[in-house]
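Asks: Following this message is one structure expressed as structure tokens.
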Amino acid sequence: MKGDHGGGDHSVTCLAPVDRVPEERRGDLGMRLREKRTSMKLKIHEFAHWIGVPYRTYHDWELGNKVPSAAAMCLLELKLKEKV
């Protein structure tokens, strides 16, 4: 992996219900994830490994084929330290 992309204080608080992702947060999620991943100069499999999900799961999120659960959104926000 290229450099340290984690660690430190995780100040994001996830308050979304765990049963589903709110509609207003779904929108262009795949595009935002891709932009974040490419800004970190990571390949899809590297980013998926870093956030702790299978390659295929992350790939489906980025393509917009599937939407992460609310729990997965919290994981993303904690790892990225920002809202997605």
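The values are calculated or read from the model by the stated rules, or taken from the named source; none is laboratory data. The structure presented is a predicted model; accordingly, all values stated were derived computationally and were not measured. Virtual Cβ from ideal backbone geometry, glycine too; neighbours counted across all protein chains shown.
Asks: Provide a single number: the residues in the stretch 38-68 that are at pLDDT below 90 and buried (at least 18 other Cβ atoms within 10 Å of the Cβ).
Replies: 1
Asks: Has the stretch 69-82 got any residue that is touching a helix residue (DSSP H, G or I) at 6+ places or on another chain (Cβ under 8 Å) and either surrounded by fewer than 14 Cβ atoms within 10 Å (Cβ to Cβ) or part of a loop (DSSP other than H, G, I, E, B) (or both)?
Replies: No, that holds for no residue.
Asks: Please work out if residue 35 is exposed (fewer than 15 other Cβ atoms within 10 Å of the Cβ), modelled with pLDDT of 85 or more and either on the phi < 0 side of the Ramachandran plot or not in a loop (DSSP other than H, G, I, E, B) (or both).
Replies: So residue 35 fits the description; yes.
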